[in-house]
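The values are calculated or read from the model by the stated rules, or taken from the named source; none is laboratory data. Because the structure is predicted, anything quoted here is derived from the model rather than measured. No Cβ is skipped: glycine too gets one built from the backbone with ideal geometry, and neighbour counts run over all protein chains shown. Each accessible area value is taken on the protein alone, full model and side chains, heavy atoms only, with ligands, DNA and RNA left out. Shrake-Rupley method; radii C 1.70, N 1.55, O 1.52, S 1.80 Å.
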Amino acid sequence: DDQEITGIYATQTKLVILKSKSYYYIRGYLPEEWEKDKVSGDIGCIAPRSLVEIDGKIFFLTGDRGVYIDDGNSFIPISTPVMDILQKCTPSQLKTAVGSSTRWKYRLDIPDHPDGPVRLTFDVRTQKWSYRTMPFKVAAFAAFDVAGDTGDRVVGRADQGIVYYERGGS
């Protein structure tokens, strides 16, 4: 279909392949058993690092349509309340977005946003968005559990090659 792959995500039951305007599942154990299903020829992903799985659902940034959730049965648009923030960006600015999760929250950092580095956070339980500016551009993110469940995270800065360690949100 002349579209480059813009995201790949492995779940327990399938491999999700995203392109700029299409979405595929690959299922099966051995290569000769693999089945490719084109789930959508209309929805795709613009930012490879925006893909995050929370509670078996895949969150991703489509670009002009905002953030969607793939719940395994349908695609659910969730970013209507923050579309004005997303629409300020060009496609090249949105491609740099970095998704992450912490507890029941999907976080989308947009390091090249015209208003400066921003973080949009979607609370999965309350279905509400929050917005804040960041003191630096986030380029990479990893969360991990340690004793005491303090919500520790490592955040990579897009400039200066610095890595930050967040403990409990600070």
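Please go through region 40-69 and pick out each residue that is free of Cβ contacts under 8 Å to residues at least 24 places away in the same chain, more than 15 Å from S101 (Cα to Cα) and either surrounded by 15 or more Cβ atoms within 10 Å (Cβ to Cβ) or among the hydroxyl-bearing types (S, T, Y) (or both).
Result: T62, R65, G66.
Which members of region 88-101 meet the condition of being open to solvent by less than 20 Å² (accessible area, probe 1.4 Å) and not in a loop (DSSP other than H, G, I, E, B)?
Hits for region 88-101 are L94, V98, G99, S100.
Based on what the data block shows, is P81 modelled with pLDDT of 95 or more and open to solvent by 20 Å² or more (accessible area, probe 1.4 Å)?
Working: modelled with pLDDT of 95 or more: yes; open to solvent by 20 Å² or more (accessible area, probe 1.4 Å): yes.
Judged against the criteria, P81 is a match.
I'd like to know if region 78-90 contains one or more residues that are hydroxyl-bearing (S, T, Y) and over 14 Å from S130 (Cα atoms). Even if it seems obvious, please write down each step before you answer.
Kept after step one, since they are hydroxyl-bearing (S, T, Y), are these residues of region 78-90: 79-80, 90.
Now restrict to residues that are over 14 Å from S130 (Cα atoms): 90.
Yes, region 78-90 contains at least one residue that is hydroxyl-bearing (S, T, Y) and over 14 Å from S130 (Cα atoms).
Can you tell me how many residues in region 111-131 are closer than 15 Å to P77 by Cα and in a loop (DSSP other than H, G, I, E, B)?
Selection size over region 111-131: 2.
Please go through region 54-106 and pick out each residue that is among the acidic types (D, E) and over 13 Å from G44 (Cα atoms). Before you say what the answer is, go through the steps one by one.
From region 54-106, those among the acidic types (D, E) are 55, 64, 70-71, 84; that's our starting set.
D55, D71, D84, listed by residue number.
State all residues of region 1-39 that are loosely packed, with under 13 Cβ neighbours inside 10 Å, under 24 Å from Y106 (Cβ atoms) and more than 15 Å from the chain's Cα centre (by Cα); if no residue qualifies, say none.
Across region 1-39, the qualifying residues are Q12, T13.
Let me spell it out: the conditions are (1) at pLDDT below 95; (2) more than 24 Å from K14 (Cβ to Cβ); (3) not aliphatic (A, V, I, L, M), and P48 meets all of them except one. Which number is the exception?
For P48, the exception is condition (2).
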